[in-house]
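The values are calculated or read from the model by the stated rules, or taken from the named source; none is laboratory data. Because the structure is predicted, anything quoted here is derived from the model rather than measured. Positions of Cβ are generated from backbone atoms using ideal geometry, with glycine treated the same way; all protein chains shown enter the neighbour counts. Each accessible area value is taken on the protein alone, full model and side chains, heavy atoms only, with ligands, DNA and RNA left out. Shrake-Rupley method; radii C 1.70, N 1.55, O 1.52, S 1.80 Å.
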Amino acid sequence: MENKYISLVRDNIKNLKPYSSARHEFSGHADIFLDANENPNDHHIYNRYPDPLQTRLKRKISAVKGVKEESIFLGNGSDEAIDILFRIFCEPGKDSVISIEPSYGMYRVAADINNVKIKNVSLTPDFELDVDAILAVEEKSDKILWLCSPNNPSGNTLNPQMILELLDKFPGMIVVDEAYIDFSNEVSMKSFVPERQNLIILQTFSKAWGLAGLRIGMAFAQQWIIEIMNAVKPPYNINSYSQDFVLNQLRKIDDVRKEISKIKQERGRVIERLEELDIVEKIYPSEANFLLIKCKDARNVFKSLQEKGVIVRDRSNVPLCEGCLRVTIGTERENEVFLKEMKILDKQ
Ligand SMILES: Cc1ncc(COP(=O)(O)O)c(C=O)c1O
């Protein structure tokens, strides 16, 4: 199949001769490794560099996620994948990207770091995609469209039919950031990767999998994109400890599923309790592990909670989120403390 999207890749990246690490070039059997200037004394194998292409871990992810190994990229958090995609497709000072608004703040930060113009297209007031508005602002310099589903901070999933329409009509690459997909009843768009050359899905071990501290994010895309991402990433971007720990966590998928279902159950309970309060004006439907809550005098609620040691995210200055706080679903005990403080504020 002809690939018209390869022309979107920056020329310096197309011509890049990637760093070839010692472990990269060797695939036979050997007992003595004097090739990488490591300390030869065993420190729980951490004296050795990690597998640069994370082969064992990807094999397991492939089995769990139903995505081919060659379609998987692993980054130091999805934040690394976001930055790498800017560096692959966007010429600093020249190219641009489109992002929905409101959405995850790192798309803008990564654009600014890479000196790439970002054009924000507002979602509708109920946080749905406005396909026509996106296509109306689209121009030749737009290399990437950033979508997020379930979206942060609104919590809703975007309409998959509209995403498919954009995949047909938007001439650049489309990233669908699915960091919160495991909390959603909607299915992942990852099944469209084999048939869509311009689709990149981001997922992460930081949310439902409970491993934010290890920093491992995933990108699923066609092999040509994954190969370029691997060429651009630092050779040893995922450390050995994280690779092993995540591999082990993937074997405990039943426990992870139980945690997810407990968090979803708590989400329902927190909504019910918040609905009883007068200071709560609206709770937006959530397919994620957080709620966007419109409050009377949100800034004051935010500050009062903070004084009681309950930290939530003030989103009241974000477009379409005026008067809103974003609150993560915690453990039952944490949620109880939050609800108790909200009730106190409600009575004041
Ligand atoms: C939508 C979205 N994408 C990506 C991330 C970052 O994920 P990671 O921890 O894998 O870098 C976050 C974190 O809050 C997020 O909300």
Within the stretch 7-20, the residues that are among the hydrophobic types (A, V, I, L, M, F, W, C) and open to solvent by less than 70 Å² (accessible area, probe 1.4 Å) are L8, V9, I13
Those residues of the stretch 117-159 that are within 26 Å of E80 (Cα to Cα) and touching a helix residue (DSSP H, G or I) at 6+ places or on another chain (Cβ under 6 Å) come to a total of 7
Anything in the stretch 206-222 that is more than 11 Å from the chain's Cα centre (by Cα) and either more than 7 Å from the ligand (Cβ to nearest atom) or closer than 13 Å to I82 by Cα (or both)? List them, or say none.
A208, W209, G210, L211, G213, L214, F220, A221, Q222
Mind listing whichever residues of the stretch 226-280 are closer than 17 Å to F338 by Cα and not in a helix (DSSP H, G or I)?
E276, L277, D278, I279, V280
Please state which of the following conditions P285 fails to meet, knowing it meets all the rest: (1) touching a helix residue (DSSP H, G or I) at 6+ places or on another chain (Cβ under 7 Å); (2) open to solvent by 30 Å² or more (accessible area, probe 1.4 Å); (3) touching a residue at least 24 places away in the same chain (Cβ under 8 Å).
(1)
Of all residues being more than 14 Å from the ligand (Cβ to nearest atom) and without any contact (Cβ under 8 Å) to a residue 60 or more places away in the chain in the stretch 171-187, which is least open to solvent (accessible area, probe 1.4 Å)? Just the residue, please.
I174
List pairs: first in the stretch 333-346 and over 12 Å from Q306 (Cα atoms) and polar (S, T, N, Q), second outside any helix (DSSP H, G or I) and open to solvent by less than 80 Å² (accessible area, probe 1.4 Å), Cβ under 8 Å, 6+ apart or cross-chain?
N335/I329
Looking only at residues in the stretch 21-78 that are of a type in the set (G, A, S), part of a loop (DSSP other than H, G, I, E, B) and more than 16 Å from the ligand (Cβ to nearest atom), which one is surrounded by the most Cβ atoms within 10 Å (Cβ to Cβ)?
S21
